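Each remark here refers to the structure printed beneath this line.
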Amino acid sequence: MPETTIFSHLSDISDLAPSLPEFDQQFADAARARQAQLTKPPGSLGKLEELAEFLAGWRGTAQPEIREAQALVFAGNHGVCDRGVNPFPQEVTVQMVANFEAGGAAINQLCQLSGANLSVVPLELDRPTGDFSTGAAMSEKECVDAINLGAAAVSTSADILILGEMGIGNSTVAAALAHGILGGDAKDWVGRGTGSDSDGQSLKARVVAEGVKRHASLSPMEKLAALGGREQAAICGAVIAARRARIPVVLDGYICTAACAPLLGADPRLLEHCLIGHASAEPGHKALCAAFDKAPILDLGMALGEGSGAALALMVLRGALSCHNGMATFAEAGVAGG
Ligand SMILES: O=C(O)c1ccc[n+]([C@@H]2O[C@H](COP(=O)([O-])O)[C@@H](O)[C@H]2O)c1
Ligand SMILES: Cc1cc2nc[nH]c2cc1C
């Protein structure tokens, strides 16, 4: 078995949660106790305090640091583009990968600013998945191969993992995964993507409804193969590999969160180490975040993908830890009232 092969079957993942590292409440409590001693009114750093405690519990230390931040952007192409669901042509995926590699995309600027090491992982862009509305997007083997590639891309020495994606047509794939796992109406999970008008969105909703109906009897991980794409599968693999190394994950927007819906459906414990970087302008993201029981860190009206909102959220995490580790306590600073 090659070293990078971690999973052989989709069912390997559904059964994984009990064997994975868990949040260590002892270190989170120690971080909370430190927060209470820092020179500020109790709770005045709001969510920054919660984030410091979250990172402490997952990293297994009362004073976690982000020395190495890894950003992974997975790119894939989708057979469902044959249905005309995407305003931009499919070749934009490979062209944007070239742009990432040349440093010209938004994610390059935001990773540079936030101090993340960016790697772009194109996944067989010249061989799109099948059209999920007429058959399975991927076989189990194709899906497991992409999961394993995603897992192998994670640097186990990282302190935090930023995840993003690029794939023309994948807002339709995201809607299909969300609808397929969480139910509701197809149209509630469909949005503009890269700029679909109302007719385009109606078409997307019809295509999503057809696909979800076709694959309705499958398990959540089987739905990842049937409705998803390679970048969605790779995101799932990276999430699991990060968990094994106790690395907290920052998911990006709608597409990236929806990619993890099969993990949620399989076992919500698989996502306990994940944060959601920002609230996407895609309308379905709100319900998705509610189903994940996670509040996005930022809400800036963005809908770009690429990991851009997650890279921005990294700066908030850095802010949380700068205060947590660098501030003086009341006793150290001789400030009264602590
Ligand atoms: O993640 C999001 O919140 C998001 C929302 C809308 C669009 N996108 C990006 O736009 C592309 C998918 O849009 P579309 O219209 O081609 O399905 C894909 O490359 C995503 O990275 C991403
Ligand atoms: C130009 C462009 C850049 C993107 N980045 C992520 N998705 C994208 C889609 C398009 C069309």
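The values are calculated or read from the model by the stated rules, or taken from the named source; none is laboratory data. Just so it is clear, the model here is predicted, and its values are computed rather than measured. Every residue, glycine as well, gets a Cβ built from its backbone with ideal geometry; the counts of neighbours run over all protein chains shown.
Looking at the stretch 16-108, the helices (runs of 4 or more DSSP H) lying wholly inside it that each contain 1 or more residues that are out of contact with any Phe, Trp or Tyr (no Cβ under 7 Å at 6 or more places or on another chain), under 21 Å from residue 233 (Cα atoms) and at pLDDT 95 or above sit at 92-102. When the stretch 40-60 is filtered for residues that are within 13 Å of residue 275 (Cβ to Cβ) and free of Cβ contacts under 8 Å to residues at least 12 places away in the same chain, only 50 remains. On the basis of being crowded, with 23+ Cβ neighbours inside 10 Å and touching a residue at least 12 places away in the same chain (Cβ under 8 Å), does residue 319 make the cut? No, not satisfied. Given the criteria out of contact with any strand residue (DSSP E or B) (no Cβ under 6 Å at 6 or more places or on another chain) and in a helix (DSSP H, G or I), does residue 136 qualify? Taking the combined requirement at face value, the residue does not satisfy it.
For residue 171, state whether it is of a type in the set (S, T, N, Q) and either surrounded by fewer than 24 Cβ atoms within 10 Å (Cβ to Cβ) or away from ligand 1 (no atom under 11 Å from the Cβ) (or both). Answer is no for this residue. You will find that of 318, 269, 246, the residue that is out of contact with any Ser or Thr (no Cβ under 6 Å at 6 or more places or on another chain), in a loop (DSSP other than H, G, I, E, B) and modelled with pLDDT of 95 or more is 246 and no other.
Of all residues in the stretch 152-168, those being surrounded by fewer than 24 Cβ atoms within 10 Å (Cβ to Cβ) and over 15 Å from residue 250 (Cα atoms) number 4.
Before we move on, is residue 217 of a type outside the set (A, V, I, L, M), within 14 Å of ligand 1 (Cβ to nearest atom) and more than 14 Å from residue 146 (Cβ to Cβ)? So residue 217 fails the test.
Results for (1) more than 9 Å from ligand 1 (Cβ to nearest atom); (2) small (Gly, Ala, Ser); (3) on the phi > 0 side of the Ramachandran plot; (4) outside any helix (DSSP H, G or I), shown as yes or no for each residue.
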site	(1), (2), (3), (4)
281	no, yes, no, yes
285	no, no, no, no
290	yes, yes, no, no
294	yes, no, no, yes
301	yes, yes, yes, yes
306	no, no, yes, yes
310	yes, yes, no, no
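Reported count of residues in the stretch 165-206, each being in a helix (DSSP H, G or I) and either closer than 18 Å to residue 304 by Cα or over 24 Å from the mean Cα position of the chain (by Cα) (or both), is 14. Mind listing just one residue for me: the one in the stretch 91-141 that is among the hydroxyl-bearing types (Ser, Thr, Tyr) and away from ligand 2 (no atom under 14 Å from the Cβ) and, of those, nearest to the chain's Cα centre (by Cα)? So the residue we want is 119. Taken as a whole, the stretch 288-300 holds at least one residue that is charged (D, E, K, R), in contact with a strand residue (DSSP E or B) (Cβ under 7 Å, 6 or more places away or on another chain) and farther than 22 Å from residue 32 by Cβ.
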